[in-house]
Amino acid sequence: DMEFDLDPCFINTKYECLRPTPLKPKYNQCLVELLEVIEHARELNGEERNALSYRHAIAALKVYPRNIESYAEARKIIGIGPKIGNHIKEFLTTGTIPEAEEINASEKYQTLDIFSRVYGVGYKTARKWYQKGYKSIRECMKDPYLTHVQRLGLELFDDFQKKMSRQDIQEILDILNKVIKTMYPDCMITPVGGYRRGKEFSGDLDVVVSHPQETVANNLLKDIVEILINKGHLKHKLFYGQPSAKNKKDVPSELISSHKNIMDNLDKCFCAFIQPSTQICRQVDLIIAPYSQYPTAVLGWTGSKQFERSIRNFAKKERKMTFASHGLFLNVVPRRRVCVTSEKDVFDILGIPWVEPEMRNC
Ligand code: TTP
Ligand code: MN
Ligand code: MN
Ligand code: MN
């Protein structure tokens, strides 16, 4: 029997939020990449539960303090059951995972992957388009049932596919700061998402905007969007408003299924923003948070998605609380809001050790 000398930062748990995960795994990189291929294929296939199992296993392998050397060793990790364990065994004996290789070579998955990258298109629509026989973005544009957002997504596909460097993002942040603060000097503008987690390249820019005067937040979204349009920065609104029960039908269904926590009650505008220096249309997600909800909004929008999911599960199952971007709540009847004054406060109240944003990359 083997005992492992585990790195203190490897915590064998099903809650990824309880341990720090850096951007780049030190070990098991090759294995992780192959498992990510299978995980993504499961998502594209609509097997969300199964995809989730892979995400747990992948997250655990990313922080494991050395290269896995045997099936038995792998199986001691929470989240690695017989199925994924067998893939690891295949990897250890052949240097690859046959199923991942098949997926990579499959024309079907390549097509589904491209379709699912279109803004406003989820896995369901991607599969529908594939079943209709479409093979390219150009062919999808002729579909007679496109929603307004899907049409925009297809038209902006090439631009949105271009990743933003940190410098690209800084350029947009400078504009947002300048434009918003001429109108509201006390506004707080915080970049979140992958940028805040330290990613070198991002698909979009996520920004939480707040104001110390609670009532100012009421008009913030409308005013900011208006001035950004007037100044010629904002080209399209991809989503605008509050995805409350009332206007739920206006939210592209793909947004709800692919981003479960879109259902926070925060005002938001997902927009297409022209980057001046390149004239490339960039995707910018603006989130408005009343001052009292600023800490949870920043925490909830920093991600990663898996980190957020694990916080929500931990709060619910281990603390009988609800964590959402619009607040932290005690699950008593009636549900009671817990006041928080900082991101750190949320960790403290939940009893989760502080994790730096750069270490939330599970
Ligand atoms: P994303 O911008 O989708 O992801 P990301 O910033 O981690 O990576 P990318 O470079 O591809 O943009 O979402 C940012 C975080 O915001 C994500 O971790 C989860 C959260 N989020 C919500 O809470 N609600 C939403 O509706 C969306 C879209 C994201
Ligand atoms: Mn992002
Ligand atoms: Mn994204
Ligand atoms: Mn985003």
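Here is how the numbers come out for the structure above:
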| item | result |
| --- | --- |
| About the Cα centre, charge dipole magnitude for segment 107-226 (Lys/Arg +1, Asp/Glu -1 at Cβ), debye | 660 debye |
| Listed residues PRO353, PHE239, GLY85: farthest to the positive end of the dipole of the chain (Cβ charges) | PHE239 |
| Potential lengthening between GLU101 and TYR71 on full extension [0.36 nm per residue; Cα-Cα distance subtracted] | 8.8 nm |
| Value in Å of the Kirkwood radius, where segment 93-239 supplies the Cα pairs that are averaged | 18.2 Å |
| Kyte-Doolittle mean at least -0.5, axial Cα span of 24 Å or more - DSSP H helices of the chain | 166-183 |
| Estimated translational D of segment 1-127 in µm²/s (Stokes, Kirkwood radius over Cα pairs; 37 °C; 0.692 mPa s) | 212 µm²/s |
| Cβ-placed point charges (K, R +1; D, E -1), dipole of segment 8-104 about Cα centre in debye, nearest 20 | 560 debye |
| Sites LYS178 and ARG335 - FRET efficiency at Förster radius 41 Å, r taken between beta-carbons, to 0.05 | 0.55 |
| Peptides 309-319, 103-113, 54-64, 282-292 ordered by average Cβ neighbours within 10 Å, highest first | 54-64, 282-292, 309-319, 103-113 |
| Label-point gap, in nm, between LEU23 and ASN230 - each point 7 angstrom along Cα→Cβ | 3.7 nm |
| Dipole of segment 276-362 [Lys/Arg +1, Asp/Glu -1 at C-beta], most positive-end residue of PHE323, CYS362, GLN293 | PHE323 |
| Rounded to the nearest 20 debye, dipole of the chain from Cβ charges on Lys, Arg, Asp, Glu | 1060 debye |
| Reach of LYS320 by Cα under 20 Å, taken over lysines that are not fewer than 8 positions away in the same chain | LYS14, LYS260, LYS344 |
| Taking the C-alpha atoms of segment 106-161, convex hull volume expressed per residue in Å³ | 69 Å³ |
| Per-pair calculated FRET efficiency, R0 = 22 Å: LYS128 and ARG49 via Cβ, rounded to 0.05 | 0.60 |
| Value of Rg to Rh for the chain (Rh from inverse mean 1/r over Cα pairs, i.e. Kirkwood) | 0.97 |
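Here, each number is a calculation from the coordinates, and none is a lab measurement. Computed from a predicted structure; not experimentally measured. We place every Cβ from the backbone using ideal geometry, glycine too, and count neighbours over all the protein chains shown.
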